[in-house]
Amino acid sequence: MKDPSSGFATRAIHHGYDPYAGDGALTPPIHVSSTYAFQTAESGGRRFAGEEEGYIYTRLGNPGTRLVESRIACLEGAEDAVVTGSGMGAVSALLWTLLRPGDELLTDQTLYGCTFSFFHHGLQEFGITVRHLDLHDPEVLRSAIGPNTKGIYFESPANPNMRVVDIAGVSKIAKEAGLWVAVDNTYCSPYLQRPIELGANFTVHSATKYLSGHGDLIAGVVAGDSETMTRVRMFGLKDMTGACLSAFDAHLVLRGLKTLALRMDRHCASAMSLALWLKDRPEVERVYYPGLESDPGHEIMKRQASGFGGMIAMDLKGGHDAGLAFINRLKLFTRAVSLGDCESLVQHPASMTHSTYTPEERLRHGIGDGLIRMSVGLEEVIDLERDLEQAFGRL
Ligand code: 4LM
């Protein structure tokens, strides 16, 4: 990229690759080599010791994955990034690197189901304490910090109930106490929200979602300072998880990034339009979408993000049974987990993505049994509205 001051969409298309530098290929080649040759034995040793630049083995990265990493780091406003074979690979590679037995991790009320499971059935089993706070008020953090607290981790907006956390507010208090802050930015993508610019230390993503955008791969990424990213690569990724990204999927993530800005604008516009329409429907008890002025996260999200994203959750008046019946009647929305794809998706968190919580835990963490989650895709919004309408009509 010749001009680092270029706008987001320009950097998403060009950063880190010069088509004139190699054989003229407009699209960067896919690097399928699992291993890399050393000119001499000594050179190989120096690369392992971190004393010489150069590739070693694709689990630690190759030119294709490094390009995706530098492009995402540039978009997130981070020094560096590490791509992984899944979002869970990113979450676990980061936290296995940063935490040790005896440490305490603070988090918000609601987390994606597998992150919740990793925290409670993974980290906790290995001697790390995880404590949930109500981070809606960042001041809660001040009195909660204990002698063993090392960091804060949260999603904003959270999956699936759209809780919004004040990233700058939490980061300021954490910094004063010498703690790091990691934000799962999956729901927004760096196009809408850049937590590191707001004071957080790290972001993680399920790159399976908006960053790629086409529902054809599983990937993840961690972004942050260079020193920690090297540790994540050389320990969290190399030794602890082994969750490296395939060459082909690295290529697809790069392709997805090129249209991220365009896609996010459309996701946001369609979700806003559907949220406004849904909130006045007689069948709907509550719509969870921070774009609505009545949403508890509205003011904070307006401050810290440039849009409200493409995810909507809602409770229907008939509760759990009406919710499942509604999901079953949808024709254009596809019944599937995941999010951020071109296709609109609908799912039931309590029995699907968040079934890793016990019913009591779901109650405590604000995930209703009747909650329906929709990922608003890129179809014509009028067709989506018609689909919702016919599903309501047949309830
Ligand atoms: C889903 N989500 O919600 P991989 N962080 C967040 C997520 O939503 C997810 C991950 C991490 C869903 C998957 C089935 C906020 C995943 C984990 O699935 O490992 O790429 O990301 O529907």
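The values are calculated or read from the model by the stated rules, or taken from the named source; none is laboratory data. None of these values were measured; they are calculated from a predicted model. Cβ coordinates were reconstructed from backbone atoms using ideal geometry, including for glycine residues, and neighbour counts include every protein chain displayed. Areas reflect the complete protein model, heavy atoms only, side chains present, ligands, DNA and RNA absent. Shrake-Rupley method; radii C 1.70, N 1.55, O 1.52, S 1.80 Å.
Among the residues of region 235-265, which ones are in contact with a Leu (Cβ under 7 Å, 6 or more places away or on another chain) and open to solvent by 30 Å² or more (accessible area, probe 1.4 Å)? Spell out how you get there, then give the answer.
Here is the first cut: in region 235-265, the ones in contact with a Leu (Cβ under 7 Å, 6 or more places away or on another chain) are 236, 238, 243-244, 249, 252-254, 256-257, 260, 263-264.
Correct list: LYS238, CYS244, ASP249, LEU252.
Looking only at residues in region 176-191 that are open to solvent by 10 Å² or more (accessible area, probe 1.4 Å) and away from the ligand (no atom under 11 Å from the Cβ), which one is farthest from THR10 (Cα to Cα)? Steps first, answer last, please.
Within region 176-191, the first condition is being open to solvent by 10 Å² or more (accessible area, probe 1.4 Å), and the residues that meet it are 176-180, 184, 186-187, 191.
If we keep only those that are away from the ligand (no atom under 11 Å from the Cβ) as well, we get 176-180, 191.
Working: GLU176: 36, ALA177: 37, GLY178: 36, LEU179: 34, TRP180: 31, TYR191: 12 Å.
Across region 176-191, the extreme among qualifying residues is ALA177.
Could you grab the pairs with beta carbons closer than 7 Å, sequence gap of 6+ or different chains, first residue in region 354-382 and without any contact (Cβ under 8 Å) to a residue 40 or more places away in the chain, second one within 16 Å of the ligand (Cβ to nearest atom) and among the small types (Gly, Ala, Ser)?
Between residues of region 354-382 that are without any contact (Cβ under 8 Å) to a residue 40 or more places away in the chain and residues that are within 16 Å of the ligand (Cβ to nearest atom) and among the small types (Gly, Ala, Ser), the close pairs are ARG362/ALA350.
Might you check whether a residue that is on the phi > 0 side of the Ramachandran plot and within 16 Å of the ligand (Cβ to nearest atom) occurs anywhere in region 277-288?
Let us first name the residues in region 277-288 that are on the phi > 0 side of the Ramachandran plot, namely none.
Looking for residues that are on the phi > 0 side of the Ramachandran plot and within 16 Å of the ligand (Cβ to nearest atom), one finds none in region 277-288, hence no.
Can you confirm whether region 13-25 contains a residue that is surrounded by fewer than 16 Cβ atoms within 10 Å (Cβ to Cβ), touching a Ser or Thr at 6+ places or on another chain (Cβ under 8 Å) and outside any helix (DSSP H, G or I)? Write out each step before concluding.
Initial filter on region 13-25 (surrounded by fewer than 16 Cβ atoms within 10 Å (Cβ to Cβ)): 18-25.
Still in the running and touching a Ser or Thr at 6+ places or on another chain (Cβ under 8 Å): none.
No.
Filtering region 118-148 down to residues that are under 11 Å from ASP108 (Cβ atoms) and touching a residue at least 12 places away in the same chain (Cβ under 8 Å), which residue is surrounded by the most Cβ atoms within 10 Å (Cβ to Cβ)?
LEU135
Can you spot a residue in region 64-74 that is assigned to a helix (DSSP H, G or I), farther than 28 Å from ALA305 by Cα, of a type outside the set (A, V, I, L, M) and open to solvent by 40 Å² or more (accessible area, probe 1.4 Å)? Step through it out loud before you land on a result.
Here is the first cut: in region 64-74, the residues assigned to a helix (DSSP H, G or I) are 64-74.
When the remaining residues are screened for being farther than 28 Å from ALA305 by Cα, the result is 64.
Add one more test, that the residue is of a type outside the set (A, V, I, L, M), and what stays is 64.
Next, from what is left, pick out any that are open to solvent by 40 Å² or more (accessible area, probe 1.4 Å): none.
No: region 64-74 contains no residue that is assigned to a helix (DSSP H, G or I), farther than 28 Å from ALA305 by Cα, of a type outside the set (A, V, I, L, M) and open to solvent by 40 Å² or more (accessible area, probe 1.4 Å).
Tell me, yes or no, whether region 260-270 has at least one residue that is in a helix (DSSP H, G or I), of a type in the set (Ser, Thr, Tyr) and either touching a residue at least 60 places away in the same chain (Cβ under 8 Å) or within 16 Å of the ligand (Cβ to nearest atom) (or both).
From region 260-270, those in a helix (DSSP H, G or I) are 260-270; that's our starting set.
Now restrict to residues that are of a type in the set (Ser, Thr, Tyr): 270.
From what's left, either touching a residue at least 60 places away in the same chain (Cβ under 8 Å) or within 16 Å of the ligand (Cβ to nearest atom) (or both): 270.
Checking region 260-270: at least one residue is in a helix (DSSP H, G or I), of a type in the set (Ser, Thr, Tyr) and either touching a residue at least 60 places away in the same chain (Cβ under 8 Å) or within 16 Å of the ligand (Cβ to nearest atom) (or both).
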